[in-house]
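Visitor: I'd like to ask some things about the structure below.
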Amino acid sequence: MQHIDEQYIIRNFDTALKKGYIKAYYQPVIRTLTEQICSVEALARWQDPEMGLLSPYLFITVLEKNRLIHKLDLMILENICYTYNEMREKGLPLHPFSINLSRLDFNEMDMLKAISDILEKYNVPSTAIHIEITESVMLDNTAYFRRIFDSFHEAGFAIFMDDFGSGYSSLNVLKDYSFDVLKIDMRFLSDIGMRSKKILSSVVNMAKAIGIHTLAEGVETREQILFLRTIGCEMLQGYYYSKPMSSEMYIDYLSASNITVEKRSESDYWDTIGKVNFLSPDPFNEISSDNFPIDDTSVLRESPTALALIEIDGKKVKFQYANRAYLDEINKLGYNNTREMEEAIESMPVVYFQNINEQIEMSLKTGKLIKKDHFANAVYFTYSTKCIAKTDSKYMLAASIKTFDPARTANREQMFEKYSRILIDTYDHITIIDHENNRIITRLYSKIGFTNEYLTMPLDKARVLFAQNEVIESERERFIKFTDISFVKKHIEKTENPILQQPFHIKNQDGKFIIRDIRIIRTTVEDGERFLFVIQSMSPSAQKKALEALEETFDDFN
Ligand code: C2E
Ligand code: MG
Ligand code: MG
């Protein structure tokens, strides 16, 4: 490390400030899930004409000792304000900036007032500034600092706890103060071995349990990022993404690099999503219970509950996160990864996912946890969904999936077959109609024994002939109207009920007309829309009611 005379710093500090040798350098903070810039930390740099570039480690302690540090910190804030306004003028997307404050700043002056005055002078909102404080700041005088922090919070500033874990009283500090973000310095963990991983997992888990956001700084490798992503650490900062840059370099970087800045309107959305605890044994139900439990103690492994965060942006579906258990489950459905599933969703016709789509729509509409059973790719599964955050244009869905084990699936399939036969047996007659091609596809089942002739002719002819042959004369006209599929569709749309139902007198095999319940049911299959024409017999009491209803004619039916 460089050596420099303390006196040199003291003697030259004022000149350095005045001449602009001391400047803020900017290091971006990256949102882990999106890899967009969500804020930037300002770090002091002293570019001395004689001594060259001085590291903050060399001058900060000297300035602190000599009660000068507040001057530096307010200068850095002014630097931020310049940069902020320059970005605003250039039309660049804006984001918050962090400043580092020292414990001694608060001894020197009313820091909140000094900071607010500068922001007012430059017309920069307090929500654009995050305050970073190391735990040593608060070692004693808890009540005093709590009051100070409360007043910063009230004024709209977020407070970050810097270098968590470097001191010896971190847990106390967490208990006594309400921070918004915990900054964990990766450099305190000499390697990313098993022990470090366990420590990091525990810290992230704990932070989520008490509702504090997590940021890892000093991130240098892809390996670290992958791990931090798995455990749900929300933000990243470090040389891997970028070293601190001068204001000019940073503005060039923003204009030139392919890295983008998170939209302000989406920050709350990502903050809300960031609270999901990927490590909880049951993250999904934790999300659903609306308040996050704080009594959770098992922290060292990824959750055994399948969990994915799926972003829905109009028609676009994107998995932002999926844990191991989720990947295992979609594997059973035949997908090797979430990308394959996204592709399948994109390329398949919407009707294929009709049931799941309906479930998702309901989740979005109600904001509640929705749980439904589905059958796809020969597997039964229960799908749970809940909308956890939204912006004007997109939604984040938390989803969990639980497939039935194969033995149970096989068993279920057998049961399903058996019971669907029994169900079908409760009908007298079922035909499947392909209305688009004006034809009857097949007669699935019939106890009544109508002639097969109807199956061989176009649908519109079959309807009329069926009315003539099988329906009592006074009801023929109504029957023809009732079986007009374009009319049925309109009715279904209006009532939001896929079943249209009316009683008719239908001829029995002995030639007598018996009142029966007729339904037209809309269904969707892989290749489109189908209608089922279903006849069911009625109990004597149902017949009586139907006859009464027939008296009232079907006026509302138009
Ligand atoms: P800090 O606030 O924890 O800042 C992070 C430090 O880590 C910065 O060092 C940054 O350059 C460095 N860093 C960032 N990413 C990486 C990485 O991937 N690998 C490694 N090895 N280092 C990384 P810097 O700028 O030397 O600042 C040191 C400390 O000095 C800061 O730690 C902060 O506590 C203090 N400091 C810096 N600027 C100011 C200031 O304006 N006011 C006050 N009061 N303190 C400041
Ligand atoms: Mg800092
Ligand atoms: Mg730090």
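Visitor: Using amide H atoms built in the peptide plane, which far-off residues or other-chain residues are under 5 Å from residue 44 H to H?
Guide: Sorted by chain and number, the residues that satisfy this are 25.
Visitor: Sequence neighbours fewer than 8 away in the same chain don't count; with that in mind, list the lysines whose C-alpha is under 22 Å from residue 386.
Guide: Reachable lysines: 208, 275, 315, 316, 318, 365, 368, 371, 372, 394, 402.
Visitor: Right, next: What are the ³J(HN,Hα) couplings of segment 152-161, residue after residue, when phi is run through the Karplus curve with 6.51, -1.76, 1.60 and θ = phi - 60°? Round to Hz, x for glycine and proline.
Guide: 5, 4, 4, 7, x, 8, 8, 10, 9, 8
Visitor: Further question: How much solvent-accessible surface does residue 127 expose, in Å² to the nearest 10, with a 1.4 Å probe and all protein chains in place?
Guide: 90
Visitor: Figure the gain on full extension for residue 527 and residue 258 (residue separation times 0.36 nm, minus the Cα-Cα span) and round it to one decimal in nm.
Guide: Numbers: separation 269, 0.36 × 269 = 96.84 nm, distance 4.11 nm.
Residue separation times 0.36 nm, minus the Cα-Cα distance, leaves 92.7 nm.
Visitor: If you don't mind, there's one more thing I want to ask. Around residue 251, with a cut-off of 13 angstrom between Cβ atoms, what is the net charge of the other residues, counting Lys and Arg +1 and Asp and Glu -1?
Guide: Result for the neighbourhood of residue 251: -2.
Visitor: If you fit an axis through the alpha-carbon atoms of helix 6-19 and take the longest principal axis of the Cα set of the chain, what angle between them do you get, 0 to 90°, nearest 10?
Guide: In the chain, helix 6-19 runs at an angle near 60 degrees to the longest axis.
Visitor: Continuing with the same structure: Is segment 302-408 best put as rounded, prolate or oblate by its Cα gyration tensor, with a ≥ b ≥ c the root eigenvalues, rounded for a/c under 1.5, and otherwise prolate when a/b is larger than b/c, oblate when not?
Guide: On the way: a/c = 1.43, a/b = 1.34, b/c = 1.07.
The shape class here is rounded.
Visitor: Using all Cα-Cα distances in segment 6-270, what percent lands in each 10 angstrom bin from 0 up to the longest?
Guide: 6, 30, 37, 23, 4, 0
Visitor: Mind pulling the angle between the C-alpha long axis of helix 194-209 and the longest principal axis of the chain? Nearest 10 degrees, somewhere in 0 to 90.
Guide: Here the helix axis deviates by roughly 70 degrees.
Visitor: A further question follows. Are there any chymotrypsin sites (Phe, Trp or Tyr not before Pro) in segment 157-217 that are in a DSSP loop and have at most 12 other Cβ atoms within 10 Å? List them by number. Can you show the working numbers first?
Guide: Details: sites: 157, 160, 164, 168, 177, 179, 188; in loops: 157, 168, 177, 179.
Passing sites in segment 157-217 are 168.
Visitor: Assuming 0.36 nm per residue, please report the length gained on full extension of the stretch residue 202 to residue 47 beyond their Cα-Cα distance. Walk me through the numbers before you get to the answer.
Guide: On the way: separation 155, 0.36 × 155 = 55.80 nm, distance 3.98 nm.
Here the segment from residue 202 to residue 47 would lengthen by 51.8 nm.
Visitor: For the chain, what % of the accessible area comes from carbon and sulfur atoms, probe 1.4 Å?
Guide: Working: 14560 of 28220 Å².
Ligands and nucleic acids excluded, carbon and sulfur give 52 percent.
Visitor: Å³ per residue of the Cα convex hull, for segment 426-550?
Guide: On the way: hull volume 14.1 nm³, N = 125.
Roughly 113 Å³ of hull volume per residue.
Visitor: Within a Cβ distance under 12 Å of residue 434, other residues only, what is the Lys/Arg minus Asp/Glu net charge? Write down the numbers at each step before the final one.
Guide: Values: positive: 439, 530; negative: 436, 527, 529.
Here the charged neighbours net out to -1.
Visitor: With no solvent and one equal point scatterer placed on each C-alpha of the chain, evaluate the Debye formula and give log10 I(q)/I(0) for q = 0.05, 0.06, 0.09, 0.10 Å⁻¹, two decimals.
Guide: Once normalised to I(0) and log-transformed, intensities are -0.36, -0.48, -0.79, -0.90.
Visitor: Please report the relative contact order for the chain, taking Cα pairs under 8 Å with a sequence separation of at least 6, and give it as a percent rounded to a whole number. Before the final figure, lay out the partial values.
Guide: Numbers: 877 pairs, mean separation 48.2, N = 558.
This gives 9 percent for the chain.
Visitor: When the helix-only estimate is applied to the chain (DSSP H runs of n ≥ 4, each -39,500 (n - 2.57), divided by the residue count), what is the mean residue ellipticity at 222 nm, nearest 500 deg cm²/dmol? Working shown, then result.
Guide: Working: 21 runs with 233 residues, N = 558.
When only DSSP H runs of four or more count, the value is -12500 deg cm²/dmol.
Visitor: Would you please classify the overall shape of segment 1-156 from the alpha carbon gyration tensor, given that a ≥ b ≥ c denote the square roots of the eigenvalues, rounded means a/c under 1.5, and beyond that prolate means a/b larger than b/c while oblate covers the rest?
Guide: Details: a/c = 1.62, a/b = 1.17, b/c = 1.39.
Note, shape of segment 1-156 comes out oblate.
Visitor: Which whole-number value in Å² is the accessible area per residue of the chain, probe 1.4 Å?
Guide: Numbers: 28220 Å² over 558 residues.
On a per-residue basis, the chain sits at 51 Å².
Visitor: So what is the relative contact order for segment 302-408, in percent, with contacts set as C-alpha pairs under 8 Å and at least six apart? The partial results should precede the final answer.
Guide: Details: 184 pairs, mean separation 31.3, N = 107.
Relative contact order for segment 302-408 comes out at 29 percent.
Visitor: Still on this structure, please answer the following. For a test of the definition: using alpha carbon positions, the gyration tensor, and the 1.5 limit on a/c, classify segment 137-289 as rounded, prolate or oblate. Don't skip to the answer; put the middle values down first.
Guide: On the way: a/c = 1.32, a/b = 1.14, b/c = 1.16.
Here segment 137-289 falls in the rounded category.
Visitor: Amide H of residue 177 versus every other amide H placed in the peptide plane: which residues, excluding those fewer than 5 positions away on the same chain, fall under 5 Å?
Guide: Under 5 Å from the amide H of residue 177: no residue qualifies.
Visitor: While we're here: Helix 69-90: angle to the longest alpha-carbon principal axis of the chain, degrees 0 to 90, nearest 10?
Guide: Roughly 50 degrees between the two axes.
The values are calculated or read from the model by the stated rules, or taken from the named source; none is laboratory data. Model, not experiment: these values are computed from the prediction. A quick note on method: Cβ atoms are made from the backbone with ideal geometry, for glycine too, and the neighbour counts reach across all protein chains shown. All accessible areas refer to the heavy atoms of the entire protein, side chains included, with ligands and DNA or RNA removed. Shrake-Rupley method; radii C 1.70, N 1.55, O 1.52, S 1.80 Å.
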